[in-house]
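Everything on this sheet refers to the single structure shown next.
The values are calculated or read from the model by the stated rules, or taken from the named source; none is laboratory data. Just so it is clear, the structure is predicted and the values come from calculations on it, not from any experiment. Note that each Cβ is placed from the backbone with ideal geometry, even for glycine, and that neighbours are counted across all protein chains shown.
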Amino acid sequence: MIGGLPPDPPRTLQLIREVKVDTDPLTVAVEGEGIYVGTDQGKVLKVDINGEVRTIKSFNAGCYDFVVGICVFDQKVFCLDTNGTNMSLRRDNKIHVLELETGTLLQSWAHANIYNYYGSMTAISNGKIIVADVTNSRLTIYSLNGQLIRHVDCPQISSGCVCICVSPSNPDVIIVSDWESSQVFAVNLTTGAVLWTNSDISEPQGVAGYGSEHVLVTKAGGRTQLWVLNANTGMCRLTFRGGYQSPNVLF
């Protein structure tokens, strides 16, 4: 979530700088002046204010693990790790809890999802971690120490890339970006109701709350594209289309 910003949506899109990393970045989180990155080779990276990159954890055990969710809370990094592309080796994904600065593994637990598509499938709200379960088309809510609280059925979730974020206007609402169905929609975690659906964006991917009233949505492709949606209605406010996006670049 991009907080501390004015209620009006952004009016311009300008590249400030690029940070090169050695593998494709899939999901990011910001804590203070540090950026934490999950990659397609099972790595968790930290980028400091000077753009220096270091690996704080690697889950790669001989095949391509994807870190498809990363959140920072209470001096800990919570990340969702898949188990690679080999179908015979697939198992439940795992949520790992790392010490913020050192990457020391503090705790892990299984998450009943076996898909390893790209995505950003974790969010933290109200002291709980919410994780997309693509296999079972639902959102799962855990305590921060791994206790299962409940599942929220979400049949709109398809079998491809899924990204989620907390709505900036309601901490009990999760915004879901579903690449396969070309939909972005809002789910109330208490009732399970879908509050709105936006089908304007073909194959959407990354989502992030902006300020207190807007959601930013992007998609894969050679051109940087950004849609600004109203967080309460899903209506599109603005669209930006930029230039060519280089591979292995973290914006």
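Condition check ((1) touching a Gly at 6+ places or on another chain (Cβ under 6 Å); (2) at pLDDT below 95; (3) of a type in the set (A, V, I, L, M, F, W, C)) across all residues:
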{"residue": "Thr102", "(1), (2), (3)": "no, yes, no"}
{"residue": "Tyr117", "(1), (2), (3)": "yes, yes, no"}
{"residue": "Thr122", "(1), (2), (3)": "yes, no, no"}
{"residue": "Tyr142", "(1), (2), (3)": "no, no, no"}
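Residues that are assigned to a strand (DSSP E or B), modelled with pLDDT under 95 and of a type in the set (A, V, I, L, M, F, W, C) were ranked within the stretch 54-72; the one that is surrounded by the fewest Cβ atoms within 10 Å (Cβ to Cβ) is Ile56.
Taking each residue of the stretch 10-24 that is closer than 24 Å to Val228 by Cα and looking for partners that are loosely packed, with under 10 Cβ neighbours inside 10 Å and polar (S, T, N, Q) with beta-carbon atoms closer than 6 Å, six or more apart or interchain, yields nothing.
Mind checking whether some residue in the stretch 167-179 is farther than 20 Å from Ile130 by Cβ and of a type in the set (D, E, K, R)? There is no residue in the stretch 167-179 that is farther than 20 Å from Ile130 by Cβ and of a type in the set (D, E, K, R). Quick one: would you say Gly192 is of a type in the set (Gly, Ala, Ser) and at pLDDT 90 or above? In short, yes.
Checked against (1) at pLDDT below 90; (2) in a strand (DSSP E or B); (3) over 28 Å from Ile49 (Cβ atoms), Trp227 passes all but condition (1).
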